[in-house]
Structure formats: C-alpha cells, structure tokens
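Participant: Quick one: the structure is below, and I'll ask about it shortly.
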C-alpha cells in the first residue's frame with residue numbers, strides 16, 4: 001500500500017526520484033501510464049498493472065469501446081525501472097499530459113503512486129476537500 005505525499009525536483013533529463021519507502025515496494029519495476037480521467041502520471045507496480053490488464057481482458061465490453069480503452073491504457077503506458085539513485089525517467093508524452101515541469105508531487109494512492117504537477121495537485125486537493133465529506137456520507 002502506498003500512502004503519503006512528497007515533493008521532488010525533476011532533473012534536466014526528466015528523471016524524478018521516488019521515496020525509498022515506495023521503491024522498496026517497486027523493486028520489480030514499474031509501469032508508467034496516463035491517469036485515468038485525471039491529469040497525472042500513474043505509477044503501477046508490475047504485478048498491479050498485470051492484474052488490471054487481465055481484468056480489462058475479461059471485461060464484457062466489446063467492439064470499438066474496448067479497443068479504444070485498450071489503446072488509451074496500453075498505448076500510453078511505459079515500462080520503467082530505477083537508476084542507482086532511485087530515479088525513474090518520465091517519458092516526455094506523460095510529462096506533457098500531466099503538466100509536470102521541474103517539480104513533481106509524488107502521492108501514494110493505495111495500490112499505485114501518482115505523479116502530479118504542483119498546480120494539478122493543488123486543484124485536486126481543493127476538489128477532494130470539497131467532496132470528501134459527501135463521499136464518506138454516501139457510504140463509500
């Protein structure tokens with residue numbers, strides 16, 4: 001399980017470190033993908049990505065909707081690993097999608113990690129704060 005929020009600089013080569021506590025859970029490598037419906041980079045442990053891929057393959061969706069979903073999820077996903085300093089290289093397409101410049105907000109999100117721009121994270125936090133009590137009260 002991933003939890004907590006951290007802020008890191010992105011270097012000139014587009015590499016960002018992840019917290020040591022996260023890296024210990026990501027030893028097997030990661031899959032970087034576009035956040036679904038959110039302007040962030042989702043960082044999945046390989047086993048979690050495989051679980052999601054298998055679930056998608058079993059979905060009852062057929063035809064154009066399924067093909068479109070597979071193209072979005074898998075066509076925008078990249079295998080990655082850590083260098084000796086605990087950094088992962090962010091593909092330019094994902095950095096642009098998430099609006100990440102020289103700073104990344106690294107957020108633990110239960111089964112995955114999310115990388116946000118400062119502006120994107122601030123907007124997400126504002127929206128979450130406004131909606132959190134309603135979500136809890138609805139019984140989720």
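Participant: Here is a list of conditions, (1) in a strand (DSSP E or B); (2) surrounded by fewer than 20 Cβ atoms within 10 Å (Cβ to Cβ), and residue 39 meets all of them except one; can you say which number that is?
Facilitator: Going through the list (1) in a strand (DSSP E or B); (2) surrounded by fewer than 20 Cβ atoms within 10 Å (Cβ to Cβ), residue 39 breaks only (1).
Participant: Going by the conditions given, is residue 3 exposed (fewer than 13 other Cβ atoms within 10 Å of the Cβ), over 20 Å from residue 99 (Cβ atoms) and modelled with pLDDT of 95 or more?
Facilitator: yes
Participant: Then there's this: Would you call residue 47 surrounded by fewer than 16 Cβ atoms within 10 Å (Cβ to Cβ), under 18 Å from residue 114 (Cβ atoms), modelled with pLDDT of 90 or more and over 15 Å from the mean Cα position of the chain (by Cα)? Walk me through how you get there before you give the answer.
Facilitator: On the way: surrounded by fewer than 16 Cβ atoms within 10 Å (Cβ to Cβ): yes; under 18 Å from residue 114 (Cβ atoms): yes; modelled with pLDDT of 90 or more: yes; over 15 Å from the mean Cα position of the chain (by Cα): no.
Judged against the criteria, residue 47 is not a match.
Participant: Assuming residue 82 fulfils every condition listed in (1) at pLDDT 85 or above; (2) assigned to a loop (DSSP other than H, G, I, E, B); (3) surrounded by fewer than 14 Cβ atoms within 10 Å (Cβ to Cβ) apart from one, which condition is it?
Facilitator: Result: residue 82 fails condition (3) only.
Participant: I need a count of the residues in region 115-127 that are touching a residue at least 40 places away in the same chain (Cβ under 8 Å) and either in contact with a helix residue (DSSP H, G or I) (Cβ under 9 Å, 6 or more places away or on another chain) or farther than 24 Å from residue 30 by Cβ (or both).
Facilitator: So the answer is 4.
The values are calculated or read from the model by the stated rules, or taken from the named source; none is laboratory data. Predicted model only: the values in this text are computed from it and were never measured. A quick note on method: Cβ atoms are made from the backbone with ideal geometry, for glycine too, and the neighbour counts reach across all protein chains shown.
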